[in-house]
Amino acid sequence: MTMAELRTLTGTWDELICPDGSPRAAAAALVERLRALGPAELQARQDLADLDILAKGITFTVYSDGRGIDRAWPFDVIPRVIAATEWSRIEAGLVQRLDALNRFIDDVYNDQRVIADGVFPVELLADSVNYRRQCRGVRPAHGVWAHVCGSDLVRDHDGTMYVLEDNLRVPSGVSYVLENRLVSKRAFADLFEKQSIQPVDAYTDELYRMLCSLAPAAVERPVVVVLTPGIYNSAYFEHSFLAQRMGIELVEGSDLVVDGDDVVHMRTIAGLRKVDVIYRRIDDSFLDPESFRPDSTLGVPGLMRAWRAGNVAIANAPGAGVADDKVVYAWVPDLIRYYLGQEPLLPNVPTHRCLYADERRFVLDHLGELVVKPANESGGYGLLIGNRSTAQERATVAAAIEADPRNWVAQPILALSTAPTLCDGDLAPRHLDLRPFILSGRTSYVTKGGLTRVALREGSLVVNSSQGGGSKDTWIVDLDAAP
Amino acid sequence: MLLSRVAENLYWAARYLERAEDTARIVREHTNLIVDLPVSVPVTWQPLLAITGTVEEFDERERIVGEADIIHFLVAERDNTGSVVMCVEQARENLRTTREVIPRDAWQAVNDLHLYVASHHLEGVERRSRNRFLDRVIADSQRMVGILAGTMSRDEAYEMLRLGRHVERADMTTRVIDVRAGMLMGERPDGIEHHDDVQWASVLRSLSALHMFHRAVRAPVSAPDALGFLLLDPAFPRSVTHCLREIAACVRRLPQEPHILPSCDVALNRLGRLSVGQITGASLHQLADELQLYIAAIDTRISESWFHADAGGEP
C-alpha cells in the first residue's frame, strides 16, 4: 500500500495541510488516516459512497435541452475540517450579519430611516429589481423577513474567511449537508468515534421550531407546509427532504387555495385544511399571480392578500430578496454599524460599486485583475474572472457595465482555499467555498459547518453543482472536548 | 391529513407496482407452461396480450406475433406504458413526489428496483435469463409491500397504497380468469389431448395461487374448483372476493365517501350468488365483463371523491 501524498498549491491556503506539509491542528487525525489509507483504499471508499448516494436516490436536477435530468449528487469523500474555536467566531459573525440585514429589510419596507439618515442611497432602492412595493407597510413576526439565509464564505491565501454573498431568497443546499454527513460517517466511522465532530442533525428541528415561531399569534398548533415549484425544480430533492424530516406536508401551488376571507387552505382527501405557515421555495415573482407575474402557474392566487392580512406567515417573507443583491452587499458593514452599533465580526470582500463614477472607472481600468459580477444573478452565471478572461469577454462586460452600471460590482480576485480531493484515484488540491445556513425567527441558529462546495476541475473556481462542482462533508472539530 | 394530489400519486404508485409484479408473474408462468406442454397442444403467446389488454396496441406496431416481440413489448418496451420497465418507472416517479409520506426504506426499495430494471430489462426478454429477471421484479415488489407492512403507520397514505394495490389485483385476477379460463372453457379443436390439468394448474400459478389452492381444496385441479377459488375464496389474497373486501376495508378507514362501499357490495353480492358448477365459457366471459365494470366504477369514484373533489373543495 502506498502512502497518500497530500499536495498543496503555492500561494493558496489549504484547509487540511500547512505549507510545510504538517497537518492543521483540527485536521491532524484525519490527515494521519488519509496518509495511512492511501489512494487506492480512499478510492474504494469513494466508490462505496457513490453507490450509497445512488441507492439513496440523493439527486439534483440539471437542465439540458429544456428537460430536467435527475443526477446523482457529486460528493468527495475527503472532508473539510474547521476548528470549533474558529467556527464559534464565524457563527457570531453570521448571526450579527443576518440581524442587520433583517433590520434593513424591515426598515426599507416601513420607515426608511436608513435612507433618511443618509446611510443608504435612495436611488439604489428605487431601481432594485428585488424591491417589492407590494410589501410596503407589512410587519412580519419578530420584524424578521429573511428567516433562512445561506451565506457563502471563502478563505483567502492568508487564512482570512470572507463573506462572499448572502442568499436571502430561496437558498438551497442544506439537505446535502445532512446527507453528506450520513455518507461520510460510513466512510470514516472510526474517526467519528475517536474525536469530537459536531453533529449537524439538529438543523431540521431548528428549522421547524423557527417556522412555528412565525405563526399568527392566535394559533396554538400551527400547520406548517413546504411549498415547492414541483418535481422539475433543481432543488426538488431538498424540498422533499425537508418536508420529510420535519414531518410536514410538501405542497405545490395547486394544492393551496385562498378563500374569500383571505385564509389559506390546502386540498386534502378530507376537504380543505387551514395553513398557518408556508416555507416557500418559490421565487417572489411566481408566488402569487394576482400580485406578481400573472402567467405564473406555480403560485397561489391571493397568497399576498392572506399574508398582508396576517393570516399566514411566509418564510422567507416576500420582498426579503431586496437585501440579496451584490450591490446591497457592499453596504453590509455600514448597515451593521448603523443598526447594531457594532463593528462587523466577519469581513466583507472589498467591493467596487459601478454605480459610482470613480469606482466604475477603476473597475473598467482593471477588468483583468477583478472578478466582475452582475448584481442579480445566482448560480455563477454571468461572472467574469478577469485573469482568466479573453479580451472579447472583457469588452462585452465593459459594454454591459456602461449600459447598466448599478447592476455591476467588482471584487479583487481571491485565492480561494483548497483541500485535498480525490480526482481519478489521486489526491489533488481543489478550490472550495462554504455555505452555512442561518435561521432567524424568535431566536437564531447557525448550522454546524455547512455545505462545502468544491470545484472538481483543476484550477477551476466555479463550485456550483450545476457547473461541474462537487461537495464535501464539513467537520467542525472540537479539540478541547474530552476524547 | 393527506393532500389529494399526494393521495392520487400513492394510489397510482401502488397500482403500477402491482401491475409490474403481476405482469412479471403471468409472463414467467406462460413461459413455463409453453415449456411444459407437448408441442401438439396449440398454445401461443397472444393470450398475454389479451390479459394485459394490449392486443390493439401491439397490433398497431406491426410486429411479429411471436415470443420475442410479444415478450419485449410486455417486459422491456419503453413505448408501452404497461410494460414492466415502464410500470416500475411510473411507480418510482409517483413515489418520488410522495417521499415525505412513505418510509425511507420503501423509497429506497423502489429506487433499487428501478435502477435494476432500467439496466437489465433486456435480460427479461432473453429466455435463458428471463426467469431471473422476472423473479427479481416480483421479489422486489414484495419486498416493498413488506417494508410498508412492517414500518409504515396505518394512516391515510397507507390505506391509499393498499387501496391501489387491491384495485389493480382485482383487475388482474379478473383478466386472467377471463382470458385463460375462458379459453379452456370455450370451444376447442377436437382430436387432441388438451392437458387441462396442466393448463388449469398454470392458470392458478400465474396468480401464485396453486399451493394455496391445494391447501384449501385438497383435490386435483378442476375447472369449477379453480374458478371458485380465484373468484370466491375469502382467504386467498388474490381472489376477487378478497380484493373487494380489502377495498371496502380501506374505504372505511378513509374520509367518508358515499359511493364506493355500495359498489363493492353490489359486486360481492353478484359473486355471492354465483354457482361455479354451472359456469360455461359464455357466462364466464359475461361475468368477467361485469366485474371489470364494477372495478372501473370503483376506480372512477376513488378519483372523483378524493383526488379531484373540486366541486366540494372550492370555498
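By a 1.4 Å probe calculation restricted to protein chains, A:SER444 has an accessible surface near 70 Å², given to the nearest 10. Seen against the Cα atoms of chain B and their longest principal axis, helix B:240-252 is set at about 0 degrees.
Kindly express, to the nearest 10 degrees and within the range 0 to 90, the angle between helix B:4-36's C-alpha long axis and the longest C-alpha principal axis of chain B. Once rounded, the angle reads 10 degrees.
Surface composition of region A:232-344: carbon plus sulfur atoms contribute 46% of the solvent-accessible area (1.4 Å probe, protein chains only, all chains present).
Interface size, chains B and A: roughly 2500 Å² of accessible area buried, both sides included, 1.4 Å probe, rounded to the nearest 100. Once all protein chains are placed together, B:PHE229 keeps about 10 Å² accessible to a 1.4 angstrom probe.
Set the Förster radius R0 to 45 Å, insert the Cβ-Cβ distance between A:ALA391 and A:LYS274 as r into 1/(1 + (r/R0)^6), and round the FRET efficiency to 0.05. Display every interim value, and only then the final one.
Values: r = 60 Å, r/R0 = 1.33.
For R0 = 45 Å, the calculated efficiency reads 0.15.
Charge dipole of region B:152-219 (Cα centre as origin; +1 on each Lys and Arg Cβ, -1 on each Asp and Glu Cβ, all else neutral): 320 debye, rounded to the nearest 20. Roll a 1.4 angstrom probe over the protein heavy atoms and tell me the percent of accessible area of region B:4-307 that is carbon or sulfur. Solvent-exposed carbon and sulfur of region B:4-307 make up 50 percent of the total.
Sparse packing (at most 12 other Cβ atoms within 10 Å of the Cβ) combined with a DSSP loop state is found for the following trypsin sites (Lys or Arg not before Pro) in region B:66-105: B:ARG78.
Beta bridges from DSSP with both residues in chain A: antiparallel share about 75 percent, rounded to the nearest 5. Pull out a ≥ b ≥ c, the square roots of the eigenvalues of the alpha-carbon gyration tensor of region A:152-221, then state rounded if a/c is under 1.5, prolate if not and a/b is larger than b/c, and oblate in the remaining case. Oblate is the answer for region A:152-221, as a/c is 1.5 or above yet b/c matches or exceeds a/b.
Compute the label zone of A:ALA40 within region A:417-452: residues whose backbone N is under 19 Å from the point 7 Å along Cα-to-Cβ. Answer for region A:417-452: A:422-428. Accessible surface comparison of B:MET183, B:MET152, probe 1.4 Å, protein chains only, largest first: the order is B:MET183, B:MET152. A Cβ-based charge dipole, computed about the Cα centre of region A:413-483 with Lys and Arg at +1 and Asp and Glu at -1, lands at about 340 debye. Which shape class, rounded, prolate or oblate, goes with the protein assembly as shown when its Cα gyration tensor gives a ≥ b ≥ c as root eigenvalues, a/c under 1.5 marks rounded, and past that a/b bigger than b/c marks prolate? Cα axes put the protein assembly as shown in the prolate bin. May I ask you to list, by number, the DSSP H helices of chain A whose Cα span along the axis is at least 30 Å and whose average Kyte-Doolittle hydropathy reaches 0.0 or more? Flagged H segments are A:28-56.
Magnitude of the charge dipole for the protein assembly as shown, about its Cα centre and with charges confined to Cβ atoms of Lys, Arg (+1) and Asp, Glu (-1), is about 1200 debye. The listed residues A:LYS448, A:LYS274, A:LYS373, once ranked by accessible area (1.4 Å probe) with the largest placed first, stand as A:LYS274, A:LYS448, A:LYS373. Using only Cα atoms, tell me the angle between helix B:281-302 and the longest principal axis of chain B; keep it within 0 to 90° and round to the nearest 10. The angle comes out at about 10 degrees. Contact residues in region B:103-141 (at least 30 Å² less accessible area with all protein chains than alone, 1.4 Å probe): B:ARG104, B:GLN108, B:ASN111, B:LEU115.
The residue list B:ALA76, B:LEU49, B:SER208 was ranked by how far each Cα lies along the charge dipole of region B:4-307 toward its positive end, using unit charges on Cβ atoms, and B:SER208 comes out on top.
With every protein chain kept in place and ligands, DNA and RNA left out, what is the accessible area per residue of chain B? Probe 1.4 Å, answer in Å².
Values: 13300 Å² over 315 residues.
Accessible area per residue: 42 Å².
Close amide H pairs (under 5 Å, H built 1.01 Å from N) link A:ASN167 with A:GLY150, A:SER151, A:ASP152, residues at least 5 positions away or on another chain. Given a Förster radius of 22 Å and the C-beta distance between A:SER466 and A:ILE231 as r, what FRET efficiency does 1/(1 + (r/R0)^6) yield to the nearest 0.05? The calculated FRET efficiency here is 0.80. At a threshold of 10 Å², the residues of region A:264-281 that become less accessible to a 1.4 Å probe in the full protein assembly than in their chain on its own are A:MET266, A:ARG267, A:THR268, A:ILE269, A:ALA270, A:LEU272, A:ARG273. Solvent exposure of chain A, expressed per residue, is 39 Å² of accessible area, with all protein chains present and a 1.4 angstrom probe. For region A:190-211, the residues whose amide N sits under 19 Å from a probe point set 7 Å from the Cα of B:ASP155 along the beta carbon direction are A:204-209, A:211.
Note on A:ASP158/B:THR81: beta-carbon distance plugged into 1/(1 + (r/R0)^6) with R0 of 56 Å gives a FRET efficiency of 0.40. Label point 7 Å out from A:ASP259 along Cα-to-Cβ: which residues of region A:293-328 have amide N under 20 Å? Only A:300-314 fall inside the zone, counting backbone N under 20 Å. Contact-buried residues of region B:5-26, at a threshold of 10 Å² lost accessible area versus the chain by itself: B:ARG5 (1.4 Å probe; DNA, RNA and ligands ignored). Annotation: amide H-H contacts under 5 Å for A:ARG280 (H modelled 1.01 Å from N, sequence separation of 5 or more, or interchain): A:LEU227, A:ALA315, A:ASN316.
When you restrict to C-alpha pairs under 8 Å that are six or more residues apart and normalise by the size of chain A, the relative contact order lands at 24 percent.
Considering only B:PRO237, B:PRO47, B:PRO262, the mean-square fluctuation computed in a Gaussian network model of chain B, springs between alpha carbons under 10 angstrom, is largest for B:PRO262.
With a cut-off of 10 Å between beta carbons, the residues surrounding B:TRP200 carry a summed charge of -1, where Lys and Arg count +1 and Asp and Glu -1.
The values are calculated or read from the model by the stated rules, or taken from the named source; none is laboratory data. Please read these numbers as outputs of a predicted model, since none were measured by experiment. When we count neighbours, we look across all protein chains shown, and the Cβ atoms used for this are built from the backbone with ideal geometry, even at glycine. Note: areas computed on protein heavy atoms with side chains; ligands, DNA, RNA excluded. Shrake-Rupley method; radii C 1.70, N 1.55, O 1.52, S 1.80 Å.
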